[in-house]
1. Would you be able to tell me the number of residues in segment 46-88 that are without any contact (Cβ under 8 Å) to a residue 60 or more places away in the chain and of a type in the set (A, V, I, L, M)?
2. For the structure I just gave you, tell me whether Val41 is β-branched (Val, Ile, Thr) and under 13 Å from Thr15 (Cα atoms).
3. Looking at (1) surrounded by fewer than 18 Cβ atoms within 10 Å (Cβ to Cβ); (2) in contact with a strand residue (DSSP E or B) (Cβ under 8 Å, 6 or more places away or on another chain), which is the one condition that is false for Pro34?
4. What number goes with the only condition from (1) touching a helix residue (DSSP H, G or I) at 6+ places or on another chain (Cβ under 7 Å); (2) farther than 15 Å from Lys87 by Cβ; (3) not acidic (Asp, Glu) that Ile40 does not pass?
5. So which helices (runs of 4 or more DSSP H) are wholly in segment 1-98 and hold at least 3 residues that are out of contact with any Lys or Arg (no Cβ under 8 Å at 6 or more places or on another chain) and acidic (Asp, Glu)?
6. Against the conditions (1) under 12 Å from the mean Cα position of the chain (by Cα); (2) more than 23 Å from Thr97 (Cβ to Cβ); (3) of a type outside the set (Ser, Thr, Tyr), where does Leu30 fall short? Just the number, please.
7. Residues of segment 48-68 being over 23 Å from Val93 (Cα atoms) and at pLDDT below 95, which ones?
8. List pairs: first in segment 9-30 and more than 17 Å from Pro72 (Cα to Cα), second part of a helix (DSSP H, G or I), Cβ under 7 Å, 6+ apart or cross-chain?
Amino acid sequence: MFTRIVEITAKQGKTKEVADAIRGKVLPILKKQPGFVDEIVLVSTAEANQILGMSFWKTPADAELYRLDHYPEVHELLRPLLETTPKVNTFEVDISTAHKVALEKAA
């Protein structure tokens with residue numbers, strides 16, 4: 001399994017709007033993508049305008065296809081609410097109790 005972690009800095013006072021936009025506009029796009037597994041959105045309790053979006057994918061190729069075909073559209077949806085350009089990092093998921101990754105790797 002593979003994850004893309006998107007670090008978002010919302011404009012002052014726009015954190016809830018960003019989270020709502022992800023829930024209402026971005027998640028429906030993600031759910032239609034081949035290989036999409038899950039999305040987790042974290043809102044910082046220490047820095048009010050910081051958000052992390054973690055999308056989980058079956059393969060790196062699935063995540064890359066989304067990045068090429070749909071991420072620009074998603075970025076444009078969120079751009080008016082953002083202070084800076086989101087920072088994107090990619091990782092292989094090594095262990096996840098929620099997705100039972102360790103069991104799949106061992107099998």
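The values are calculated or read from the model by the stated rules, or taken from the named source; none is laboratory data. Everything quoted here is computed from the prediction, not taken from an experiment. Note: ideal-geometry Cβ built from the backbone for every residue, glycine included; neighbour counts use all protein chains shown.
1. 10
2. Spelling it out, Val41 is indeed β-branched (Val, Ile, Thr) and under 13 Å from Thr15 (Cα atoms).
3. Of everything listed in (1) surrounded by fewer than 18 Cβ atoms within 10 Å (Cβ to Cβ); (2) in contact with a strand residue (DSSP E or B) (Cβ under 8 Å, 6 or more places away or on another chain), Pro34 misses just condition (2).
4. Unmet condition: (1).
5. Per the criteria, 60-69.
6. Condition (2) is where Leu30 drops out.
7. Ala48, the sole residue that qualifies.
8. Pairs found: Ala10/Val18; Ala10/Leu81; Lys11/Leu81; Lys14/Leu81; Glu17/Leu81.
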